[in-house]
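Comments concern the structure below.
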Amino acid sequence: MVPLRSRTYAACSGCSLCLLSCPVWRSTHDIRLTPHGRAKALQHGATANDLVESLDSCTLCGACEPACPESIDLVGMVTGLRGELAQQRGTKPSFDGMRPAPTGEISPPTMLIASQTLTENAALLQSIIQQLGGNVAIRVSSDSGTDISFALTEGLPIPEARIEHFLAPLKTTLRVIVADGRLFYALKNWLHGVTIASLGEALSALPKVREKLNDSDFYVIEPVAFHRDHERLISHYDSLRLASGCTMNLDLQRMAIPITASARHSGRVNADLQIRWMLEGRNPARIVVEDIADIAAFAHVTDTPVVHLANLL
């Protein structure tokens, strides 16, 4: 289980270490739009209504949290304030699958929760199933949890019945692999006794996939799941980097530089700038990504071939 961060904005000392990894700061250099700016504004009496622009600009990539020496729940600070705004506006979230939770169905040893983008790419999804399954039964969950992921992003309340319906088929499996970083973190804290892995971690742990990586590759970690379980996953990716010789989208603080994570309304993050910044001084023969959405983002900036991790074989 991922330890929950319980410290609030009141613990912010103003050290500004969160700025080093914040993509919005890198794009704008506007302190108001950063975790530091939000925490200090709240300490001086600001309300959610005062911080609308800042809250809209946050990508929830989570890179600020491992950098924070006070262990403040910086992502929770944003989603909590977004939830306050949603309540004031009378936002009524809708949820899928509000029917009785299934009972008596035994799940296979491994369940995959695919994102909507991945589900729409049938060929890639089938390749992932074949690689992850091997000789072990694997099934794609019929419930993608997209509505739950949206609620987590917006700080909206999720009915207990909806959570229970989502979790019911997962409780009888041994391992859940999830493509959505927001759901990854939630499942880590909702499901006990079940191994939870991000899709990137699961694929990059396969020996056959690792063998296809080499020192001319630039490997792009999906940031949300990585940062939400940073202490454990940094060892996994350090091992992968040392074994293959590849370089990664890690900054000096070993946080994953986000790429396609974009502001909800303000468009504050310049993805092209982020990509050029991380590729500066590098000339990889190939770019390998964990997040399928990153393929188009890189293709917009560079002619270097970009492939999904599952397509290495």
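Here is a check on your reading of the model: is Leu167 in contact with a strand residue (DSSP E or B) (Cβ under 6 Å, 6 or more places away or on another chain), in a helix (DSSP H, G or I), of a type outside the set (Ser, Thr, Tyr) and more than 22 Å from His227 (Cβ to Cβ)?
no
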- Subset of segment 1-24 that is touching a Lys or Arg at 6+ places or on another chain (Cβ under 8 Å) and surrounded by fewer than 16 Cβ atoms within 10 Å (Cβ to Cβ) - its residue that is modelled with the lowest pLDDT: Met1
- Result of the Cβ filter at 9 Å on segment 116-128, keeping first residues that are without any contact (Cβ under 8 Å) to a residue 24 or more places away in the chain and partners that are in a helix (DSSP H, G or I) and surrounded by 17 or more Cβ atoms within 10 Å (Cβ to Cβ), at least 6 apart or interchain, is Leu125/Leu118; Leu125/Ala310
- Any pair with Cβ under 7 angstrom, 6 or more apart, that starts in segment 227-245 at a residue that is assigned by TED's automatic domain parsing to the domain that holds Ile196 and ends at one that is aromatic (Phe, Trp, Tyr): none
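The values are calculated or read from the model by the stated rules, or taken from the named source; none is laboratory data. Please read these numbers as outputs of a predicted model, since none were measured by experiment. In this analysis, Cβ positions are derived from the backbone assuming ideal geometry, glycine residues included, and neighbour counts consider all displayed protein chains.
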